[in-house]
Structures are given as structure tokens and as C-alpha cells.
1. In the range B:120-139, is there at least one residue being part of a helix (DSSP H, G or I), under 24 Å from A:LYS142 (Cβ atoms) and either of a type in the set (S, T, N, Q) or assigned by TED's automatic domain parsing to the domain that holds B:LYS45 (or both)?
2. Among the candidates B:SER82, B:SER93, single out the residue that is assigned by TED's automatic domain parsing to the domain that holds B:VAL161 and either touching a strand residue (DSSP E or B) at 6+ places or on another chain (Cβ under 8 Å) or within 21 Å of B:THR160 (Cβ to Cβ) (or both).
3. Taking the options B:ALA182, B:ALA153, B:ALA120, B:ALA178, name whichever one is over 19 Å from the mean Cα position of the chain (by Cα) and at pLDDT 95 or above.
4. All but one of (1) part of a strand (DSSP E or B); (2) touching a helix residue (DSSP H, G or I) at 6+ places or on another chain (Cβ under 9 Å) hold for A:GLY103, so report the exception by its number.
5. Quick one: A:GLY95 ticks every box in (1) over 22 Å from A:ALA129 (Cβ atoms); (2) at pLDDT below 95 except a single one, so which number is it?
6. Of the numbered conditions (1) surrounded by fewer than 18 Cβ atoms within 10 Å (Cβ to Cβ); (2) among the polar types (S, T, N, Q); (3) within 11 Å of chain B (Cβ to nearest Cβ), A:SER75 fails exactly one; give the number of that condition.
7. For residues in the range A:44-69 being within 13 Å of the ligand (Cβ to nearest atom) and buried (at least 21 other Cβ atoms within 10 Å of the Cβ), which is farthest from the other protein chains (Cβ to nearest Cβ)?
8. Do you know which of the residues in the range A:1-43 that are open to solvent by less than 20 Å² (accessible area, probe 1.4 Å) and out of contact with any Phe, Trp or Tyr (no Cβ under 9 Å at 6 or more places or on another chain) is modelled with the lowest pLDDT?
Amino acid sequence: MRRLLLLSLLAMPLLVPSGPTRAESGPIQVQQVWSRAAPQGRVGVLYMTVTDSGAPDQLVAVSTPVAEKAELHESVAEGGVMKMRPVAAAPVETGKPLVLKPGGYHVMLMGLRRTLKEGDEFPVTIRFAHAGPISVTAHVAKAGAAAAPAEMGRGNGTMSH
Amino acid sequence: MSDRPRRTLPRVLVGAAVLLVLVLVGAGAVWFTQGGAPTIGGPFKLVNGQGKTVTDRDFRGHYLLVYFGYTFCPDVCPTTLSQMADALDALGSKAAEVQPLFITVDPKRDTPQVVGQYVANFSPRLVGLTGTPEEIAKVAREYRVYYAIHKNAEQPADYTVDHSSILYLMSPSGAFIAPIRADQSGADMAKDIARHLS
Ligand SMILES: [Cu+2]
């Protein structure tokens, strides 16, 4: 409970962009980490929101024990044609949160080691070009969900290191 | 003073020409959507998730809502199929008249079993179809769907497929009615679809 309170406090500057306090654990915050239900052996996805209150940084890698491989991708629409491409890094800077969401940046999970069911949680580690790795918990929404699971409060899943 | 009428006359002509073009385009669009020619859609013979052969004729009497995609797509295709399922829910009793179809553009990896398992994640009403590369190429051509394999240099087996992302609403007699945007919420999709249902 005290931990939950602490996490909420850490999330405060994100809720109030001009807030006077900032997380002491580092300038990078990762929030709203969510995934979608998908069967074992198939592909899955990860979405999240990354904010930065310090120097510009880049999200460069993601790993999770639930998949053989996790790659940063971007979906782009060109003249009605959807394309999905791997990207080496995604930028994040103050005032410009990096939002991984359906139809844009996402982490593609390949070779799921287990079935992800709606309501499940699993650990994820996110690496940056400058900041140290951040460990978070992903929450699983239904297959094809357009947004994070509703029961997931803001700040939930934030675990700065 | 003297060349003023000369300058306005061409403008009137240009305006008339633009109007004529608009009228022609409009007429063309009406002709196009009212079945003047079967420009979108056509006969197909494919295999469903249970391994059973199905053709376009098997769906006569139902409106079809057709989407082309592939199961190795973790982002856009699941989003669209989920919104399609939501749209059917939002259509209420009218949804019974509409048969949603998912046709793969990746026949090599999407076997009947893979497609069947995949569509079940979204809606029990969604039918997944696959076929030989030739059968898929034919149905994609009929629906004017573009698709192309994009290989990742390091992992050629993990290729992705660029593809048109649009829904096709077909009439109970198999004629093209209208394109429905794929990148919208299920509620908005339902409104777009309901407009065309009798
Ligand atoms: Cu991807």
C-alpha cells in the first residue's frame, strides 16, 4: 500500500505537466504498459507511454521473458497501404512523450512462450540510449483492444529504477 | 476596361469545365457503386478455418464485410478485426444480415488452422479464409487489394506483408456497395455500415 502510494506520487509530475516535483529515480518514466491477448507460439504486442523530464533520450530495446524476441516497430499508412517496419530507436524528450499505441510505434513480440490472456500481467524491461534499464509490468487487454485495459490506473505499471 | 471581359470569360469557362468534371466524376461514382460494372469483388474459392472449401456463392443472401490482412501482424490487423467485432455488436439485430470475412494475404504462413484459430480470438462470427498463393492473388486482384511481402534482411522468415487496409461492404447478391474505413472505432464503423443496410 505504501509502495502504491509512492508510485502514485512518482506519477504526479506526469499528471500535472508543470508540477513542481519530479521523480528522484530518474528523468524517464514508463507508464500504461499494456499488451493484448494472444496464443502461445504466435505474435503479440506491447504498447506504453514514456515521458522524459531530463535530457533527450531514445528507447532502443525491450525484452520480456514471455517472448523469444521483442522488436521495436512502427506501423505506417501510405496511400491506404499499411506497412510495418522495424525501427532502431524511438525518441523521447521533455514535453514530447513517446507514445506506443495501435497504428504507430509498438513492440512486436515474436514467438510467445505462453498464451497471454486478458487480465494477465507479465514483466518487461525497457532499455534506453542513456538512461538505465526500467522494469515494468505489462497488463493484458483483450485481443485487438484499441486502448489500455480500463482497470489499469495511471501510474500503475510505473516502476522507475 | 477593355480587356476586363476577356479576363473574366476564361474564368467562367474554367469554372464550367471544373463543374463538368465534377459532375462526370460524380456520375462515374454513382455508376461505379450502383453496379454498372463489377469493378470490385468477384468469385472466389477459398478454404475456411475448418479446412472446408467455400466460395462467394456460399455467402449469397448476406451482406459481406471483407478485410484482407495477415496473422503475423500484431498491431493493425488485430485492431481492425476487434473494431469489426465491436461494429457487429453495435449493429444489434441487423448484424445477423452481415457476414464478416478475414482473407489472408499471407497464404504461406496462414494455413486454414492458423487462420481459424486467429479469427476465433475476435468474434465467433468472423470467418477466416486462406487458399493457394494463386487463389489469394486472384481474390486480392478482384478486390483491388495491394499486398507485397517485405523481407527483413536479418530474419527472412519473419517477413511482414504490406497491404491495403480497408473494409469492403458487399451486397447480398455479391455486388460491391461501399468501402468502409478500417481505421475507425467499431461504433463509427457500425454507423457507416448501417447506412447501407436495407
Ligand atoms: Cu510490428
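The values are calculated or read from the model by the stated rules, or taken from the named source; none is laboratory data. These figures come from a predicted structure and were not determined experimentally. Positions of Cβ are backbone-derived with ideal geometry, glycine not excepted, and every protein chain shown enters the neighbour counts. Heads up: the accessible areas ignore ligands, DNA and RNA and are worked out on the full protein's heavy atoms, side chains in. Shrake-Rupley method; radii C 1.70, N 1.55, O 1.52, S 1.80 Å.
1. Step one: list which residues in the range B:120-139 are part of a helix (DSSP H, G or I), which gives B:120, B:133-139.
Imposing the further condition that a residue be under 24 Å from A:LYS142 (Cβ atoms) reduces the set to B:120.
When the remaining residues are screened for being either of a type in the set (S, T, N, Q) or assigned by TED's automatic domain parsing to the domain that holds B:LYS45 (or both), the result is B:120.
So far as the range B:120-139 goes, yes, one or more of its residues are part of a helix (DSSP H, G or I), under 24 Å from A:LYS142 (Cβ atoms) and either of a type in the set (S, T, N, Q) or assigned by TED's automatic domain parsing to the domain that holds B:LYS45 (or both).
2. After ruling out the rest, the residue left standing is B:SER82.
3. Working: B:ALA182 fails: over 19 Å from the mean Cα position of the chain (by Cα); B:ALA153 fails: at pLDDT 95 or above; B:ALA178 fails: over 19 Å from the mean Cα position of the chain (by Cα).
Result of the check over B:ALA182, B:ALA153, B:ALA120, B:ALA178: B:ALA120.
4. (1)
5. Failing condition for A:GLY95: (1).
6. (1)
7. Kept after step one, since they are within 13 Å of the ligand (Cβ to nearest atom), are these residues of the range A:44-69: A:44-47, A:62, A:67, A:69.
Those still in the list that are buried (at least 21 other Cβ atoms within 10 Å of the Cβ) too: A:44-47, A:62, A:67.
Details: A:GLY44: 6, A:VAL45: 4, A:LEU46: 9, A:TYR47: 9, A:VAL62: 13, A:ALA67: 10 Å.
Result: A:VAL62.
8. The residue in question is A:ALA23.
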